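Take a look at the structure below.
The values are calculated or read from the model by the stated rules, or taken from the named source; none is laboratory data. Everything quoted here is computed from the prediction, not taken from an experiment. Glycine also receives a Cβ, built like all others from the backbone with ideal geometry; neighbour counts cover every protein chain displayed. The area values use the complete protein model at the heavy-atom level, side chains included, leaving out ligands, DNA and RNA. Shrake-Rupley method; radii C 1.70, N 1.55, O 1.52, S 1.80 Å.
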Amino acid sequence: MSAVALEIASTGARGLRLPDGQYRPLPSWEPLRNSCSGPVFIIASGPSVAEFPLQRYAGVPMIAMNGSIACFETAGLSPLFYLCDDAGVAEKKSAALATGIRLSRWSALSLESMQRLYRKEPQALEAESLLLMERVNRWVGVPQRSDRAFAWSVRRDPDFVMRWSLLSQTANRIGFSRNYARGYFNARTIAYAAIQLAYFLGFDKVFLVGVDMNSSLGQFYDPVGTQVKSRLDSDFGGHILPHFDILARRVIDSEFQVFNLSRDSRLPGEMIPKIGLAQIDGLIGSAASQPLAPEVGKSV
């Protein structure tokens, strides 16, 4: 065997078969559902991350992704979750992924990201708290339905919020998942995957940090895009924006709110409200975040 493979037991249990023959079981997503409450910060990699006082909000749960884990390593902090579903990032920033898995209480990667990571950082896949990210209707080992057929089949399913179109296949890929155990919508940006995760975990106020969506500014760790080339400009209008539109119109309400701390983000303020640091404390209020109970997370 030359690559990491996913094995699915008759019971539905999943695990990784490593090239050396070892088997590593993957934890289930189900125990994590609604295991949290209160506010959460999603830390992306846009340059505006530099303006956010990470240490000031160290007591609030945070979700890191891709290269943004560098902020946490520098600050000496540990995120609640680390995410990566980009095989290119896993290939070129394997050390960052290994750090994200090591520092975070939980981490989740796509299968292809795990395969790329194993080539350079094989020990990273030994983490007991590493979960598998799977896109909606792209489950490993399950026949894929056409996007139109799938969107029609789940039109009354409370776990999914989707568009359905007879004329456009692309429109049938737009959605929001309320149940990470059944997959997530990619939207061509990991920040959107993190918002779906925040909903699944039970958080009710989501603060986006570094979600600038401006490829000309690069990432805070890679201003000119020499490490991983950005596809934001080609993906923004046709994929990213329609997903955030369905989030704004059909998911966000008084019980689940999303705020953007990037003043210059390309995401319209009327879609995702833009706020400043002065407003965060008032929105968080006295409601304390409740991260994962000890029995749900790593050993304590």
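Which condition number in (1) surrounded by 20 or more Cβ atoms within 10 Å (Cβ to Cβ); (2) in a helix (DSSP H, G or I) is the one that Ala108 fails?
Exception for Ala108: condition (2).
Identify all residues within the stretch 203-226 that are at pLDDT 90 or above and part of a loop (DSSP other than H, G, I, E, B); write none if there are none.
Phe203, Asp204, Gly210, Val211, Asp212, Met213
What about Arg173, is it out of contact with any Leu (no Cβ under 8 Å at 6 or more places or on another chain) and under 22 Å from Asp85 (Cα atoms)? Before you say what the answer is, go through the steps one by one.
Values: out of contact with any Leu (no Cβ under 8 Å at 6 or more places or on another chain): yes; under 22 Å from Asp85 (Cα atoms): yes.
Here the answer is yes, as Arg173 does meet what is asked.
Looking at (1) closer than 30 Å to Gly100 by Cα; (2) open to solvent by less than 70 Å² (accessible area, probe 1.4 Å), which is the one condition that is false for Glu128?
(2)
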